[in-house]
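First up is the structure itself, then whatever we jot down about it.
The values are calculated or read from the model by the stated rules, or taken from the named source; none is laboratory data. Just so you know, these numbers come straight off a predicted model, no measurement behind them. Ideal geometry is used to build each Cβ from the backbone, glycine not excepted, and the neighbour counts take in all protein chains shown. Surface accessibility is based on the protein's heavy atoms, side chains included, excluding ligands, DNA and RNA. Shrake-Rupley method; radii C 1.70, N 1.55, O 1.52, S 1.80 Å.
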Amino acid sequence: MKLKIISWNIWCGTHLDEVIAFLKSAKADIIALQEAAEDERGNIADIIAKELGHECVHAIEMKIPLRFLPGYKSDDQGSKKFGPAILSKYKIIRSQKHELSSAKNFRRLIVGADIKVGSEILSVFSIHLKHTHQRPSALQDLEAENLLKILPTQKVIVMGDFNSLPGSSVVKKMSRILQDAESSADTPTWSVYKEGCTGCLVERVKYKLDYIFASRDIKIDSFRVDDSKGSDHLPITAVIEK
């Protein structure tokens with residue numbers, strides 16, 4: 001059976017209507033979201049799941065300062081909750097949350113879902129590593145190592161914003177255990193908007209930061225980077241055979 005899977009950092013739903021429109025047209029079976037926010041609009045992951053008719057699990061327990069988001073002032077002291085989420089057309093039979101790192105006023109969570117597809121169970125994870133302005137990071141290495149410790153050995157998919165460049169130690173660690181869905185190229189995925197980082201201010205889509213990894217018992221038929229103005233990141237899509 002072939003499955004279409006998508007990973008996308010949705011920038012806290014800054015352009016939510018465009019995000020929903022793209023995901024409706026994409027008709028994916030399983031979606032991993034990063035930076036799904038919870039604010040005055042409600043829980044963004046749940047809103048999107050309802051629009052798609054998907055099941056949803058999330059780990060929206062972290063905080064992002066409002067000053068890092070478009071539409072807010074640089075001295076804004078507020079914050080909003082956000083985190084990774086998984087949406088599935090198929091039944092989610094179990095979910096889990098794991099802390100990859102923590103420090104004062106900072107933590108990173110991963111969400112996982114065991115999804116029943118036919119007679120098999122896929123273990124799917126949505127991940128978002130700390131943004132380090134495209135520089136090597138011992139904290140990112142620790143987060144990747146903590147992730148690899150909890151992964152099953154078979155039928156595993158890990159999708160997300162790794163905030164790591166191709167050739168980085170993080171991507172090398174992942175690739176030793178799992179296969180990279182885009183094995184023959186390094187297509188950039190960030191930044192659609194220069195406001196995606198108030199420090200980097202990247203004027204064009206320049207860096208590959210988003211990845212789909214799968215265990216080697218899963219066949220990857222295709223991979224592409226899609227076009228959308230719904231976020232500062234571009235969505236990435238793979239078709240797999242389980």
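Structure above, values below:
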{"item": "ASP75 paired with CYS197, simple spin-label distance in nm, labels 7 Å along Cα-to-beta-carbon", "result": "2.6 nm"}
{"item": "FRET E, pair LYS219, LYS116, Förster distance 22 Å, beta-carbon r, rounded to 0.05", "result": "0.70"}
{"item": "Helix-only CD estimate at 222 nm, as mean residue ellipticity for the chain, using -39500 (n - 2.57) per DSSP H run (n ≥ 4)", "result": "-5000 deg cm²/dmol"}
{"item": "Under 13 Å from LYS24, Cα to Cα: aspartates and glutamates that are on another chain or at least 8 residues apart", "result": "GLU51"}
{"item": "Average accessible area per residue (Å²) across segment 22-95 - probe 1.4 Å, nucleic acids and ligands excluded", "result": "49 Å²"}
{"item": "Relative packing of peptides 71-84, 104-117 - highest average C-beta neighbours within 10 Å first", "result": "104-117, 71-84"}
{"item": "Rh by Kirkwood over Cα pairs, then Stokes-Einstein D for the chain at 1.306 mPa s and 10 °C, µm²/s", "result": "90 µm²/s"}
{"item": "Solvent-accessible heavy-atom area per residue, rounded to whole Å², over segment 132-179 at 1.4 Å", "result": "46 Å²"}
{"item": "Proximal aspartates and glutamates to LYS4, defined as alpha-carbon separation beneath 14 angstrom and excluding residues fewer than eight positions away on the same chain", "result": "ASP29, ASP221, ASP226, GLU241"}
{"item": "Cα gyration tensor, segment 1-83 - rounded (a/c under 1.5), prolate or oblate", "result": "prolate"}
{"item": "Packing-based ranking, highest mean first, of 86-97, 228-239, 206-217 given that Cβ atoms within 10 Å are counted", "result": "228-239, 206-217, 86-97"}
{"item": "In Å², nearest 10: area of GLU18 left accessible to a 1.4 Å probe", "result": "80 Å²"}
{"item": "Global geometry of segment 52-159, whether rounded, prolate or oblate, following the gyration tensor of its Cα atoms and the 1.5 cut on a/c", "result": "oblate"}
{"item": "Cross-link pairs beyond the 32 Å C-alpha cut-off, checked among LYS89/LYS173; LYS27/LYS97; LYS50/LYS242; LYS173/LYS206; LYS104/LYS155", "result": "LYS104/LYS155"}
{"item": "Separation of the ALA103 and SER25 label points, Cα + 7 Å toward Cβ, nm", "result": "4.0 nm"}
{"item": "Pairwise FRET efficiency - THR187 versus ASP39, Cβ, R0 = 30 Å, nearest 0.05", "result": "0.45"}
